[in-house]
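Undergrad: Attaching a single structure in structure tokens format; questions to follow.
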Amino acid sequence: SFGMVYDGIMKSVDGTQDLPCAIKTVNVQAADRDRIEFLNEASVMKAFTTHHVVKLLGVVSQGQPTLVIMELMGLGDLKSYLRSCRPEHSDENPSLKPPTLKRILRMAAEIADGMAYLSAKKFVHRDLAARNCMVASDLTVKIGDFGMTRDIYETEYYRKGTKGLLPVRWMAPESLKDGVFTSQSDAWSYGVVLYEMATLASQPYQGLSNEQVLKYVIEGGIMERPDKCPDKLYNVMAICWKHKPSIRPTFIEIINMLVNDLSPDFQAVSFYHSEEGVDQRVTLTTENTPLRVSREIEDFSLSDDEDYKDPHSSVSSKVSNGSTTPNGYIPQPVVKTTKC
């Protein structure tokens with residue numbers, strides 16, 4: 001039902017400014033229900049005004065086709081960008097190199113910052129994945145697709161009442177089992193996005209069918225640590241994949257884990273450092289007991305401890321070759337099929 005996405009130019013009302021933009025269309029043949037869904041997605045985006053969520057610039061609902069005008073993200077979606085950075089594509093575009101650990105941590109913080117904003121607005125995304133994050137020309141990453149976003153208003157839970165296509169490999173166990181979606185299930189999906197970044201967008205749970213993934217996750221399984229993945233990155237994944245939702249970190253807490261590795265310019269644009277973000281941090285500190293007590297883990301810090309072990313999993317995070325040194329780390333795709 002949804003049509004093409006085009007690069008375009010939006011002129012200011014007085015005609016003095018041209019702004020590059022993305023133009024999303026809906027097929028002329030689309031049913032009224034699909035057109036309404038398309039406009040509802042735009043309506044959701046209209047409520048968001050933060051740097052790490054793609055901005056809605058306007059809607060053209062008169063005439064055909066219906067158009068939604070959005071902020072242009074020059075490098076497309078994160079999944080495509082990561083795959084274009086794989087070594088086998090180096091001849092096609094020599095300027096695209098696998099992101100460094102510093103860049104991955106920056107991207108991870110930007111995604112967490114956008115999600116912290118959505119969580120503060122009582123929105124649950126329900127489909128957080130690399131394919132639904134967008135990359136700007138300067139490599140800034142923003143939350144970019146709200147086709148499955150729901151405003152939960154008075155309650156923090158969204159229970160899916162009908163069956164449909166579900167992003168099984170990104171879903172938390174409670175979502176798979178009971179159809180429950182919360183900010184905590186978004187945190188689980190965020191951990192899978194980190195896995196995608198560490199493997200240059202390899203398929204999560206590679207080697208398992210969708211049915212096997214569903215059973216594996218519901219029964220408490222998590223993915224293996226990506227090859228040579230530094231503790232600094234894997235520790236965040238492991239915490240996001242706690243089976244019990246209440247033990248998973250909030251997105252504000254995830255940024256707490258990453259913020260010391262970020263450059264000062266993050267502070268200038270982030271929700272985390274905004275007045276509202278500071279209020280959120282104060283609220284969390286006031287309402288919750290200290291993290292290491294309320295979250296039932298030893299430490300939320302991102303140390304480079306080689307022998308770190310997830311206390312809620314039987315799977316050690318120790319790198320298979322015994323090296324956790326982040327210096328010179330280069331993410332790489334999964335090249336062998338193994339059972340998780």
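The values are calculated or read from the model by the stated rules, or taken from the named source; none is laboratory data. Computed from a predicted model, the values in this text were never measured in an experiment. Please note: Cβ atoms are built from the backbone with ideal geometry, for glycine as well, and neighbour counts cover all protein chains shown.
Undergrad: Out of Thr100, Thr140, Thr149, report the one residue that is at pLDDT below 90, among the β-branched types (Val, Ile, Thr) and either over 13 Å from the mean Cα position of the chain (by Cα) or assigned by the TED database to the domain that holds Val193 (or both).
TA: After applying the criteria, what remains is Thr149.
Undergrad: For Val68, indicate whether it is closer than 24 Å to Met115 by Cβ, in contact (Cβ under 8 Å) with a residue 24 or more places away in the chain and within 21 Å of the chain's Cα centre (by Cα). Break it down stepwise before answering.
TA: Working: closer than 24 Å to Met115 by Cβ: yes; in contact (Cβ under 8 Å) with a residue 24 or more places away in the chain: yes; within 21 Å of the chain's Cα centre (by Cα): no.
Spelling it out, it is not the case that Val68 is closer than 24 Å to Met115 by Cβ, in contact (Cβ under 8 Å) with a residue 24 or more places away in the chain and within 21 Å of the chain's Cα centre (by Cα).
Undergrad: Please go through segment 71-97 and give me each residue that is within 22 Å of the chain's Cα centre (by Cα) and more than 22 Å from Thr25 (Cβ to Cβ), ordered by number. Quick ask: steps written out before the conclusion?
TA: Our first condition is that a residue be within 22 Å of the chain's Cα centre (by Cα); within segment 71-97, this holds for 71-86, 96-97.
Passing the criteria: Leu78, Tyr81, Leu82, Arg83, Ser84, Cys85, Arg86, Leu96, Lys97.
Undergrad: Find the residue count for segment 60-93, including only residues that are assigned to a loop (DSSP other than H, G, I, E, B), modelled with pLDDT under 85 and in the same structural domain as Ser137 (by the TED database).
TA: Residues in segment 60-93 being assigned to a loop (DSSP other than H, G, I, E, B), modelled with pLDDT under 85 and in the same structural domain as Ser137 (by the TED database): 4 in total.
Undergrad: Further question on the same structure: Just wondering, is there one or more residues in segment 49-58 that are more than 18 Å from the chain's Cα centre (by Cα), outside the structural domain of Cys133 (by the TED database) and more than 29 Å from Ile252 (Cβ to Cβ)?
TA: Yes - at least one qualifying residue is present in segment 49-58.
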